[in-house]
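Here's the structure we're looking at; comments come further down.
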Amino acid sequence: MGTAAWLSGIDAIAAKQLHPKFKLENTLVLAFGQTHQQDQTSGDWLRPVKSTDKIDFDTIGRFTLGGFVDPYVALTLDSQFYEERPGFGTKNLNR
């Protein structure tokens, strides 16, 4: 009997000083993987099972005003490429 697994992923960071007092930083993490197994009795390959599924995007805008505390704005997106829940069916790019 056999098992096969695979994973594909990206971790990326981009930053730019848009103004002397404002810097924008973006982080993106993507990952998707599956595990494939053979049936122990028949030897047939079973349907693949998702082992990893992640979409994570963060952006932070930092203001450097020279005060006691510097303000910032942030946005986060956390999702999946593929989701299947009993009773709800299949959903691509779940938010």
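The values are calculated or read from the model by the stated rules, or taken from the named source; none is laboratory data. What you see is a predicted model, and the numbers here were worked out from it, not measured in a lab. When the accessible area is computed, the model is the full protein with side chains, heavy atoms only, and any ligands, DNA or RNA have been set aside. Shrake-Rupley method; radii C 1.70, N 1.55, O 1.52, S 1.80 Å.
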For this session: Give the carbon-plus-sulfur fraction of the accessible surface of the chain in %, rounded to a whole number; probe 1.4 Å, heavy atoms of protein chains only.
Result: 57 percent
Problem set entry | When segment 14-60 is reduced to its Cα atoms, the Kirkwood hydrodynamic radius in Å | 14.1 Å
For this session: Output ³J(HN,Hα) for segment 23-30: one whole-Hz value per residue in order, computed from phi by the Karplus curve 6.51 cos²θ - 1.76 cosθ + 1.60 with θ = phi - 60°, and x for Gly and Pro.
Result: 10, 10, 10, 10, 10, 10, 10, 10
For this session: Report ³J(HN,Hα) in whole Hz for each residue of segment 64-73, in order, from the Karplus equation J = 6.51 cos²θ - 1.76 cosθ + 1.60 where θ = phi - 60°; Gly and Pro get x.
Result: 10, 9, x, x, 5, 10, 9, x, 8, 10
For this session: Would you mind checking which residues have amide H under 5 Å from Thr64's amide H? H placed 1.01 Å from N; only 5 or more apart, or other chain.
Result: Phe22, Lys23
Exercise. What list of ³J(HN,Hα) couplings, whole Hz, do you get for segment 40-46 from phi and the Karplus terms 6.51, -1.76, 1.60, once you set θ to phi - 60° and write x for glycine and proline?
Worked result: 5, 8, 8, x, 6, 6, 7
Problem set entry | Lysine pair count for the chain [Cα-Cα under 29 Å; pairs on different chains or 8 or more apart] | 4
Seminar exercise, completed: What the Cα atoms of the chain span along the principal axes, largest first and in whole Å, is 69, 29, 20
